[in-house]
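The values are calculated or read from the model by the stated rules, or taken from the named source; none is laboratory data. Every value quoted in this text rests on a predicted model; they were computed, and no experiment measured them. Neighbour counts run over all protein chains shown; Cβ positions are idealised from the backbone, glycine included.
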Amino acid sequence: MSAAPKPSLSQTEQDAETVRLFLEASMVPDPETAERYISPDLVITFTGGRKYRHPRETAAFNAGRYQRVKKQFERFDVVPGEAETIVYSLGTLYGEWPDGTPFEGNRYIDRFVVRGGKIVQMDVWNDSAERLLTRHNITA
């Protein structure tokens, strides 16, 4: 189980750590632990405009899209502000499609808005839709 962000860190560093801990819990998936890091008014927008309000909803969506999926973190870009911190998580996804076929190298970018130590917004972009189209020989 993940620990809370360390109080000796600056607010910006704490906010980045909050995002990392949220993502780690989300990958298990452990929506109850992920919930520790979110605001009650959280809005999550996935690629394609899908809106969610809680990590359990995104876990359910991912359970239908993947047999399993994990993130390989490449970096976190942090933009401090006066009342909020913007945190970008960049990397790749790896795992298995529903039929068990493995995949890796699926690029993602997650953008978080953190206010008062809690995540209030998450925007998600990744290559999954493009990869699924390619796997099914569908051209746009």
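General observations
- Test: residue in the range 41-48 that is in contact with a strand residue (DSSP E or B) (Cβ under 8 Å, 6 or more places away or on another chain), of a type in the set (Val, Ile, Thr) and part of a loop (DSSP other than H, G, I, E, B): yes
- For the range 90-103, the count of residues that are assigned to a strand (DSSP E or B), buried (at least 16 other Cβ atoms within 10 Å of the Cβ), in contact with a Leu (Cβ under 8 Å, 6 or more places away or on another chain) and at pLDDT 95 or above is zero.
- Filtered residue count, the range 79-107, keeping only those that are over 22 Å from Met122 (Cβ atoms) and of a type in the set (Ser, Thr, Tyr): 1
- Considering Ala25, Ala16, the condition of being in contact with a helix residue (DSSP H, G or I) (Cβ under 6 Å, 6 or more places away or on another chain), in a helix (DSSP H, G or I) and modelled with pLDDT of 95 or more is satisfied by Ala25 alone.
- Residues of the range 49-70 satisfying the condition of being of a type in the set (D, E, K, R), under 20 Å from Gly100 (Cβ atoms) and not in a helix (DSSP H, G or I): Arg68, Lys70
- The range 118-130, subset of a type outside the set (A, V, I, L, M, F, W, C) and modelled with pLDDT under 95, residue surrounded by the fewest Cβ atoms within 10 Å (Cβ to Cβ): Glu130
- Qualifying residue in the range 58-75 (condition: on the phi > 0 side of the Ramachandran plot and at pLDDT below 95): no
- Lone unmet requirement of (1) over 17 Å from Asp15 (Cβ atoms); (2) over 13 Å from the mean Cα position of the chain (by Cα); (3) among the charged types (D, E, K, R) for Arg115: (1)
- Checked against (1) over 17 Å from Tyr108 (Cβ atoms); (2) of a type in the set (Lys, Arg); (3) surrounded by 15 or more Cβ atoms within 10 Å (Cβ to Cβ), Arg53 meets all criteria but (3).
- Condition met for Arg75 (within 25 Å of Trp97 (Cα to Cα), surrounded by fewer than 14 Cβ atoms within 10 Å (Cβ to Cβ) and touching a strand residue (DSSP E or B) at 6+ places or on another chain (Cβ under 6 Å)): yes
- Tally of residues being at pLDDT 95 or above and not β-branched (Val, Ile, Thr) across the range 42-53: 4
- Residue match in the range 79-87 (condition: under 30 Å from Thr12 (Cα atoms), modelled with pLDDT of 95 or more and either aromatic (Phe, Trp, Tyr) or touching an Asp or Glu at 6+ places or on another chain (Cβ under 7 Å) (or both)): yes
- Residues of the range 28-40 that are surrounded by fewer than 18 Cβ atoms within 10 Å (Cβ to Cβ) and assigned to a helix (DSSP H, G or I): Pro31, Glu32, Thr33, Glu35, Arg36.
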